[in-house]
1. Would you mind telling me which numbered condition in (1) in contact (Cβ under 8 Å) with a residue 12 or more places away in the chain; (2) more than 29 Å from Val93 (Cα to Cα) Leu10 fails?
2. Applying the selection to segment 40-54, what residues are on the phi < 0 side of the Ramachandran plot, open to solvent by 60 Å² or more (accessible area, probe 1.4 Å) and in contact with a helix residue (DSSP H, G or I) (Cβ under 6 Å, 6 or more places away or on another chain)?
3. Which of the residues belonging to segment 55-77 are open to solvent by 80 Å² or more (accessible area, probe 1.4 Å) and either at positive phi or assigned to a strand (DSSP E or B) (or both)?
4. Please pick out the residue among Val80, Val32 that is out of contact with any strand residue (DSSP E or B) (no Cβ under 6 Å at 6 or more places or on another chain) and either exposed (fewer than 10 other Cβ atoms within 10 Å of the Cβ) or part of a helix (DSSP H, G or I) (or both).
5. Quick check: is even one residue across segment 68-76 without any contact (Cβ under 8 Å) to a residue 24 or more places away in the chain, over 29 Å from Ser11 (Cβ atoms) and of a type in the set (Asp, Glu)?
6. Out of segment 9-25, which residues are open to solvent by 60 Å² or more (accessible area, probe 1.4 Å) and part of a helix (DSSP H, G or I)?
7. Filter segment 40-54 down to the residues that are assigned to a helix (DSSP H, G or I) and within 13 Å of the chain's Cα centre (by Cα) and list them by number.
Amino acid sequence: MSKTLTRADLSNAVYKQIGLSLQECNSLVDSVIEEICTSLEQGHAVKLSSFGTFNLRRKKQRMGRNPKTGVEVPITSRTVLSFNASNLLKAKVNERLAKK
């Protein structure tokens, strides 16, 4: 099973590359994540060059079906968060996976 990347891992990577204190690196990573969240909460898309785009999509109300009982149930309208990876990121991931 693969390892999950955490905030602590990101902070350690920044710490190793930049050399700020670990506390400052934690604060920096938290600030970046908070800025992304705030922008999404305000309804804006977030584009990170060479990484991808976070978008909000509005889904309409529709009818769904309970798979156990087969009863139709209305699914309310909602906003969902989606991520579209950049072509550069897709290429890097595919290249690395092909080497394994």
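The values are calculated or read from the model by the stated rules, or taken from the named source; none is laboratory data. Being a predicted model, the structure only gives us computed values, none of them experimental. No Cβ is skipped: glycine too gets one built from the backbone with ideal geometry, and neighbour counts run over all protein chains shown. With ligands, DNA and RNA removed, areas are computed over all heavy atoms of the protein, side chains included. Shrake-Rupley method; radii C 1.70, N 1.55, O 1.52, S 1.80 Å.
1. (2)
2. Across segment 40-54, the qualifying residue is only Phe51.
3. Of everything in segment 55-77, those that are open to solvent by 80 Å² or more (accessible area, probe 1.4 Å) and either at positive phi or assigned to a strand (DSSP E or B) (or both) turn out to be Arg57, Arg58, Arg62, Met63, Arg65, Glu72.
4. Val32
5. yes
6. Of everything in segment 9-25, those that are open to solvent by 60 Å² or more (accessible area, probe 1.4 Å) and part of a helix (DSSP H, G or I) turn out to be Leu10, Asn12, Tyr15, Lys16, Gln17, Ile18, Leu22, Gln23, Glu24.
7. Leu40
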